[in-house]
Amino acid sequence: LAGSYLAITSFTSALTRSQVVSLIISVALCLFMIMIGWPPIIDFLRDTVPNGTVDFVSSFSVMPHFASLQRGVIDSRDIIYYLSVIVFSLFLTGVTLKSHRAG
């Protein structure tokens, strides 16, 4: 969880020159990744959008993956999820930094 949050923060830091703006964007993104898995939010979304869309969006939440790890269950799906978030965020960071150097 911490690694994925750090990778997301690295990406937002590469997007902007301001540390404060980077902090605000990273907190918003990490909070979004928590909130999309929170049961009251999921229940609200089920009333407003199709169930397939809610299931797809809630699958990106860190909550279910962290809950199983918190119970002591090490599942390969959770490890793959966190590694995917880390690798994707670091990839976006690299692309962003290369575009800043080229431009």
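The values are calculated or read from the model by the stated rules, or taken from the named source; none is laboratory data. Not measured: the values here are computed from a predicted model. As a convention, Cβ positions derive from the backbone with ideal geometry for all residues, glycine included, and neighbour counts pool all protein chains shown. Note: accessible area is taken over every heavy atom of the protein model, side chains too, but ligands, DNA and RNA are not part of it. Shrake-Rupley method; radii C 1.70, N 1.55, O 1.52, S 1.80 Å.
What are the residue pairs meeting all of these: first residue in the range 80-96, first residue closer than 17 Å to C30 by Cα, second residue in a helix (DSSP H, G or I) and of a type in the set (V, I, T), Cβ atoms under 8 Å, and 6 or more apart or on different chains?
Every condition considered, the pairs that remain are V85/I8; S89/I8.
From the set of residues in the range 72-96 that are open to solvent by 80 Å² or more (accessible area, probe 1.4 Å) and outside any loop (DSSP other than H, G, I, E, B), which is nearest to G3 (Cα to Cα)?
Start the filter on the range 72-96 by keeping residues that are open to solvent by 80 Å² or more (accessible area, probe 1.4 Å), which leaves 74, 77, 80, 83, 87-88, 90-91.
If we keep only those that are outside any loop (DSSP other than H, G, I, E, B) as well, we get 77, 80, 83, 87-88, 90-91.
Numbers: R77: 16, I80: 13, L83: 9, V87: 10, F88: 12, L90: 11, F91: 14 Å.
The qualifying residue nearest to G3 (Cα to Cα) is L83.
(1) in a loop (DSSP other than H, G, I, E, B); (2) without any contact (Cβ under 8 Å) to a residue 12 or more places away in the chain: which one isn't true of F60, the others all being true?
Failing condition for F60: (2).
Have a look at L69, L45 and point out the one that is over 22 Å from S84 (Cβ atoms), in a helix (DSSP H, G or I) and open to solvent by less than 70 Å² (accessible area, probe 1.4 Å).
It is L45.
Just the residues that are closer than 19 Å to G3 by Cβ, more than 16 Å from the chain's Cα centre (by Cα) and of a type in the set (V, I, T), please, taken from the range 36-71.
Listed by number, the list is empty, since nothing qualifies.
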